[in-house]
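Reading through the structure tokens given below for one structure.
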Amino acid sequence: MKQGILYSQEQIPAFECPSCNQGDMSPVGELKIRQIADARTGGDTRTILRSDLLCQNQECADVGILVMSGELYFDEGCGYEMLFTPTYINPAPDFFPLDPKYPYKIRMLLELVFSLFWVEQASCGNKLRVAVEELLTQLGIEQHRTKSGVAVLSSKGYPKPIPLQERLDKCKKLGKVERKCIGALEAIKWLGNESSHSADGVFQHTTYQAIMVFGAVLQQIYLGAALPEDMDFSVNNINFFYNPNEQKVRPKK
């Protein structure tokens, strides 16, 4: 299961079961395909495909649902063909392993991020930004302002939050993680800001890059893994689209 891929009816994909990480979640039973009403599509022929999923590891045997959106595409060699792209998956595939060493709250947020990716990019980017906030909290970076050990309250009586950029700067100053990791988290912050405030939303490919960048940061912090060589390209690409201070030159790989 990959983002940005179109599948024919005969190529409905399987993916590693996120429950056991051993068997494949595969389509089972009859595929259910229904055409969407013309009033919704403006006259274009579009369909909805639904398939039940079953983990092939008998000790797990978890069940799920896959929903895909179909649209007619033309190829000179094959003519018109209905091709499908995922729009809802439950349980959603993991983009990277959620190691037990990762804090529980971060793992739960990432499960939601993985699920939202197939549904709505802005919501996915926003939730990934929340995961960055939670990571800083897990690293001991204060989340709310205090004075003499007492929480500073807003005019509405709630604890006043510390802006994410200020928390990232403090994390960098304290040397909690590598500076390159801080730069990566800052890029995700910009994507999250765009997700929250822009009516245009965000691109699926940059959301995917941000998810994988966050995974690389987690692996470095909690597993001691080296940061991947291509992470700089992904971070630069995210900044190109969403960092207002760096939208000058498209990065070259």
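The values are calculated or read from the model by the stated rules, or taken from the named source; none is laboratory data. Model, not experiment: these values are computed from the prediction. In this analysis, Cβ positions are derived from the backbone assuming ideal geometry, glycine residues included, and neighbour counts consider all displayed protein chains. Each accessible area value is taken on the protein alone, full model and side chains, heavy atoms only, with ligands, DNA and RNA left out. Shrake-Rupley method; radii C 1.70, N 1.55, O 1.52, S 1.80 Å.
Table for the structure above
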quantity: Scan of segment 221-244 for residues that are closer than 13 Å to G183 by Cα and either hydroxyl-bearing (S, T, Y) or buried (at least 18 other Cβ atoms within 10 Å of the Cβ) (or both), ordered by number; calculated: M231, S234, V235, N236, N237, I238, N239, N243
quantity: Filtered residues of segment 52-67 (kept if touching a Leu at 6+ places or on another chain (Cβ under 9 Å) and open to solvent by less than 40 Å² (accessible area, probe 1.4 Å)); calculated: L53, G64, L66, V67
quantity: Failed criterion for G70 (all others in (1) under 19 Å from T87 (Cα atoms); (2) open to solvent by 50 Å² or more (accessible area, probe 1.4 Å); (3) not β-branched (V, I, T) hold); calculated: (2)
quantity: Which listed residue, of E30, E16, E10, is within 21 Å of the chain's Cα centre (by Cα), charged (D, E, K, R) and more than 17 Å from V119 (Cβ to Cβ); calculated: E16
quantity: Restricting segment 106-145 to residues that are open to solvent by 20 Å² or more (accessible area, probe 1.4 Å) and touching a Ser or Thr at 6+ places or on another chain (Cβ under 8 Å), the residue that is modelled with the lowest pLDDT; calculated: Q143
quantity: Residues of segment 116-168 satisfying the condition of being under 22 Å from the mean Cα position of the chain (by Cα) and more than 21 Å from W190 (Cβ to Cβ); calculated: W118, V119, Q138
quantity: Residue satisfying all of: in segment 169-190; more than 19 Å from the chain's Cα centre (by Cα) and open to solvent by less than 40 Å² (accessible area, probe 1.4 Å); modelled with the lowest pLDDT among these; calculated: V177
quantity: Flag if A151 is touching a residue at least 24 places away in the same chain (Cβ under 8 Å), of a type outside the set (F, W, Y) and more than 21 Å from R107 (Cβ to Cβ); calculated: no
quantity: Only listed residue being of a type outside the set (G, A, S), farther than 22 Å from A92 by Cβ and in contact with a strand residue (DSSP E or B) (Cβ under 7 Å, 6 or more places away or on another chain), chosen from L31, L72, L54; calculated: L72
quantity: Scope segment 1-37; condition assigned to a loop (DSSP other than H, G, I, E, B), surrounded by fewer than 12 Cβ atoms within 10 Å (Cβ to Cβ) and of a type outside the set (D, E, K, R); matching residues; calculated: G4, A37
quantity: Residues satisfying the stated conditions in segment 1-43, i.e. in contact with a helix residue (DSSP H, G or I) (Cβ under 8 Å, 6 or more places away or on another chain), over 27 Å from M108 (Cα atoms) and touching a residue at least 24 places away in the same chain (Cβ under 8 Å); calculated: I33
quantity: Unique match (being under 30 Å from D62 (Cα atoms) and either without any contact (Cβ under 8 Å) to a residue 60 or more places away in the chain or in contact with a Cys (Cβ under 6 Å, 6 or more places away or on another chain) (or both)) among T87, T137; calculated: T87
quantity: Qualifying helices (runs of 4 or more DSSP H) (wholly inside segment 161-239; at least 3 residues being of a type in the set (S, T, N, Q)); calculated: 179-197, 204-223
